[in-house]
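First the structure, in the form of structure tokens, and then the observations on it.
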Amino acid sequence: MKTNVRPLIYVSFCAAIIAVLAQIIIPLPLVPITGQTLAIGLVVTILGKKMGTQAVGLYILLGAIGLPVFTAFSGGLGIIFGPTGGYIIGFLPTALVMGVYFERFGYTFTHAVVANVIGMFVTLAFGAVWLKVIADLSWQAALLSGVVPFLVTGVLKAVMAASIGLVVKRRLQQANVLQAA
């Protein structure tokens, strides 16, 4: 029986990239702006639906069991059940939705930006709903604190993830390290 370890290496490496970029933090009162969403966009743009979603799932699992991979080198279920937990949980459907979009429409720059913007809204939706429930906020307060502050930076990160992700994906494909999607 021959096992191809490349996908495992890609998934593990990309989960580590998410953990590293999660340490980029711009503090805000309730939920900070972080590099996590940029990393999610990069990973899915590069790896696609299956491996991208697996990398995000591995990242969440590592943080849930207590490894310090979340923002500010935090980890554990307390983070997932705290104010930022909805965003973290939302990363998984974000990766899946982005991956499905890429499978359907391909890996052009325009589609990569659209996929990343859609992913941003999926993450923000999960985060806002979670904030409403966990912090007992009104819908207006949840949207004003959990969505509005992240719209401009989210679009900027979507464009960055699309640009950088496509370049990395193509270079890995040209080097025959990653199969063409």
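Here are the numbers:
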quantity	calculated
Selection within segment 1-60 - among the basic types (Lys, Arg) and surrounded by fewer than 16 Cβ atoms within 10 Å (Cβ to Cβ)	2, 6, 50
Matching residues, segment 4-34, being among the polar types (S, T, N, Q), farther than 27 Å from residue 153 by Cβ and either in contact (Cβ under 8 Å) with a residue 24 or more places away in the chain or part of a strand (DSSP E or B) (or both)	12
Boolean, residue 71 is in contact with a Ser or Thr (Cβ under 6 Å, 6 or more places away or on another chain), at pLDDT below 95 and either crowded, with 19+ Cβ neighbours inside 10 Å or of a type outside the set (Val, Ile, Thr) (or both)	yes
Wholly within segment 82-181, helices (runs of 4 or more DSSP H) carrying at least 2 residues that are of a type in the set (Phe, Trp, Tyr)	85-105, 109-134
Filtered residues of segment 81-105 (kept if more than 13 Å from residue 40 (Cα to Cα) and either surrounded by 17 or more Cβ atoms within 10 Å (Cβ to Cβ) or in contact (Cβ under 8 Å) with a residue 40 or more places away in the chain (or both))	81, 82, 83, 84, 85, 86, 100, 101, 102, 103
Pairs where the first residue, in segment 60-79, is under 15 Å from residue 23 (Cα atoms) and the second is exposed (fewer than 15 other Cβ atoms within 10 Å of the Cβ) and not aliphatic (A, V, I, L, M), C-beta under 6 Å, 6+ apart	75/66
The lone exception for residue 128 - which of (1) aliphatic (A, V, I, L, M); (2) on the phi > 0 side of the Ramachandran plot; (3) in contact with a Leu (Cβ under 6 Å, 6 or more places away or on another chain) it fails	(2)
Neighbours by Cβ (under 6 Å, 6+ apart or cross-chain): first from segment 159-173, surrounded by fewer than 20 Cβ atoms within 10 Å (Cβ to Cβ); second at pLDDT 95 or above and among the β-branched types (Val, Ile, Thr)	159/113; 168/46
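The values are calculated or read from the model by the stated rules, or taken from the named source; none is laboratory data. The structure displayed is predicted, hence computed values, not measured ones. Please note: Cβ atoms are built from the backbone with ideal geometry, for glycine as well, and neighbour counts cover all protein chains shown.
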